[in-house]
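The values are calculated or read from the model by the stated rules, or taken from the named source; none is laboratory data. Model, not experiment: these values are computed from the prediction. Cβ atoms come from the backbone with ideal geometry, glycine included; neighbour counts cover every protein chain shown.
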Amino acid sequence: MYPRSRLDLLLLLLPVLFLVVFFLWPLLYIVSYSLISGDKPLVSVWASIFDTVQLTVLWNTFRIAALVTLASLALGYPLAMFITNSNGLARNVAMAIVIIPFCTSVVVRAYAWIALFQRFGVVNKVLMWLGITHQPLKFLYTELGVIIGMTHALLPFMVFALVASLDRIDRTLVRAAETLGAGPLQVLSKVWIPMSMPGVLAGCLLVFISSLGFYVTPALLGGREQTMVAVLIEQYVNRTLNWSLASVLGTTLLLATCILYVFYERISIRAGSRVEG
Amino acid sequence: MTIKRRTLLKAGMGAGLAGMTSGLFTPALAQTNKPDHLVIPDAGGILRDAYKKAHYDTFEAKTGIKLVSAEYMGVAQLKALVDNQAWGQADILSIASGEAAVAAKQGLIEKIDYSNIDRAKLIPETVYDNFMLTSLSASVLAWNTKKYSDSTAPKTWANFFDPQAFPGPRGMWKNASLTMDIAALGAGIPKEKLYPLNIDAAIGALTKIKDDLIFWEHGAQSAQMLADNELDLEFGWAGRLFTPKKNGDPVAYTFNQAVLDGDAAVIPKGSPNRKWAQMFVDHMTDPENQAALASIVPYAPTNVDAQKFLKPEVLAGLPVSPESFGSVIFQDPIWWADNGDAAFDAFNKFLLG
């Protein structure tokens, strides 16, 4: 902590004001809808998240978010390792591969997946031409389709967090481990992975929290059963005008996110102190 | 005990902030003089262009009041508008008839004044106390012409719900409204007995075909899925399927048992420009304007006299043509406004289970 000057505070005023007016205030407004239920008792509105529909959708949301996080980590870690260990052209090309889809609209990407995955789309045509399958396989409107589409959309977040963390690892530690006779796998498990835990945690948290609120991809690539909570909230807000239930669901997501964040802060402080200490 | 949400928030958050946010939307003055324009949130896209040519421009020529389109406003935004008296955002709305009925039930819209409208010329199912349909959209049974020919294609919703006789993946809208009305028809319920809608029968019919059922979310998606051979059969909107069909995509549809809903005109409750908005509602019943609209996009007129101004080939492509009108079914928006919660709940359970 260093003593703050007046100028510092003045510079802070504008962003803080912006966040209060355009973020905090509307957020409190939404939360207020979950606390004031009009003619229905408050308990019954909150209890309705335990109805089959709400519970199933919340379970879907958290399950899909967890699977997307795992898939992003499994794909993102090797990619981040490659990026951090390469220089010049290779690094730039690899980064571009991550960044370019990131700049494309989620809607466009969802439609691209539809074109690839549909009944007589590219993927099924190739599989049938190779004789791997005779009937077109069903990728679209399944959980697999949603997970592939969302992993693709969120992979950049994971890679950015991992690369930032991996880049900071002191390479002399890697060389020291190698000098002391550690093989590549041991270097990975003893140096890279433990040292990159803050990045892994940050990436997982970022991907998981973003997944919770995903709307477009599950709506377009998902089937009957893959309704996620954002879709349900939209339905309550726009179609049935059940704003208190929509707000209860939104507040539930907000709480889950806050709890995860506190959890993350705790762990990352511990992980961070181990690395630095 | 009822606490007004806004009162509590104002008390809790400090009147300064509350004043600031609501101040953004406060109308300058309650206006009764003739305005130079009216703001109309509408469906957008090609439908907006058609409404502009048929209704907005002609109204401006007649009265000097310009109609300014805005982004589509659903009931949720309408409620926010009326609660905050944010009049500048909408003087009149073109809104889906199902949403209009919900808005009426919530007390968000004015009564329509029919005293200057020749009500006898309007199709009775398009006239309601608080809203009036201005064009009709048809939910039709469509098929992929590579899979079915005109003679082998299903003719009725009962056929559509019979995957043994009519195999292949079939698409429906991922929405309780219209999908459940059609499912009930598919269960064999005759059109005179469709309402009150039998929710269990509708869900039963959907459950029977769930292994062959694929849901689409948006109208554009439904047209694309049929044109790309993703689906063999579907319930789609004639207004969306019309262009792919004309362009030679493998798309065909029938108006037999088409379910009709439409865009309705509504006036926000308490709007200072309601007198002028009502004048525009009167204007939209004009048969020549309605015919002009239907000639641009295949959304059918609600005024029967409009048919006189339509070319025979255009009329044949509309669900109100003499050949088709006998078999079409009007969705009952009032039933949906009263029972939407139960229907959506049952539909969501079906989706997840």
State all residues of segment B:39-70 that are under 19 Å from B:Asn273 (Cβ atoms) and either touching a Gly at 6+ places or on another chain (Cβ under 6 Å) or not in a helix (DSSP H, G or I) (or both); if no residue qualifies, say none. B:Val39, B:Ile40, B:Pro41, B:Asp42, B:Gly64, B:Ile65, B:Lys66, B:Leu67, B:Val68, B:Ser69, B:Ala70
Does A:Ser72 count as closer than 21 Å to A:Leu162 by Cβ, more than 12 Å from chain B (Cβ to nearest Cβ) and either polar (S, T, N, Q) or within 22 Å of the chain's Cα centre (by Cα) (or both)? yes
Taking the stated definitions as given, is B:Leu29 at pLDDT below 50 and away from chain A (no Cβ under 14 Å)? yes
Residue, farthest from the other protein chains (Cβ to nearest Cβ), within segment B:184-216, restricted to residues that are surrounded by 16 or more Cβ atoms within 10 Å (Cβ to Cβ) and closer than 18 Å to B:Ser327 by Cβ: B:Ile189
B:Leu226: in contact (Cβ under 8 Å) with a residue 60 or more places away in the chain and farther than 16 Å from B:Ala158 by Cβ, yes or no? yes
Looking only at segment A:210-235, count every residue that is part of a loop (DSSP other than H, G, I, E, B), over 11 Å from A:Asn60 (Cβ atoms) and within 15 Å of the chain's Cα centre (by Cα) and tell me the total. 3
Any chance you could count how many residues in segment A:17-65 are of a type in the set (A, V, I, L, M), in contact (Cβ under 8 Å) with a residue 40 or more places away in the chain and either facing chain B (nearest Cβ under 9 Å) or more than 13 Å from A:Ala246 (Cβ to Cβ) (or both)? 7
Residues B:Ala238, B:Ala220: which one is surrounded by fewer than 18 Cβ atoms within 10 Å (Cβ to Cβ) and among the small types (Gly, Ala, Ser)? B:Ala220
Those helices (runs of 4 or more DSSP H) lying entirely in segment B:237-353 with at least 3 residues under 30 Å from B:Ala80 (Cα atoms): B:274-283, B:333-352
Can you tell me which residue among A:Leu13, A:Leu67, A:Leu19, A:Leu42 is on the phi < 0 side of the Ramachandran plot and surrounded by 15 or more Cβ atoms within 10 Å (Cβ to Cβ)? A:Leu67
Residues of segment A:193-228 that turn out to be over 15 Å from A:Ser72 (Cβ atoms), away from chain B (no Cβ under 14 Å) and surrounded by 19 or more Cβ atoms within 10 Å (Cβ to Cβ), as a count: 2
Given the conditions (1) within 14 Å of chain B (Cβ to nearest Cβ); (2) surrounded by 14 or more Cβ atoms within 10 Å (Cβ to Cβ); (3) not hydroxyl-bearing (Ser, Thr, Tyr), report the number of the one that A:Val107 does not fulfil. (2)
So, in segment A:147-172, how many residues would count as being without any contact (Cβ under 8 Å) to a residue 24 or more places away in the chain and buried (at least 16 other Cβ atoms within 10 Å of the Cβ)? 0
When segment A:124-146 is examined, which residues are found to be crowded, with 22+ Cβ neighbours inside 10 Å, outside any loop (DSSP other than H, G, I, E, B) and not small (Gly, Ala, Ser)? A:Val146
Quick one: in segment B:157-174, which of the residues that are in contact (Cβ under 8 Å) with a residue 60 or more places away in the chain and surrounded by fewer than 19 Cβ atoms within 10 Å (Cβ to Cβ) is farthest from the other protein chains (Cβ to nearest Cβ)? B:Pro167
Quick one: B:Ala342 ticks every box in (1) within 14 Å of chain A (Cβ to nearest Cβ); (2) in contact with a helix residue (DSSP H, G or I) (Cβ under 6 Å, 6 or more places away or on another chain); (3) among the aliphatic types (A, V, I, L, M) bar one, so which box is it? (2)
From the list B:Ala294, B:Ala316, which one is on the phi < 0 side of the Ramachandran plot and under 18 Å from the mean Cα position of the chain (by Cα)? B:Ala294
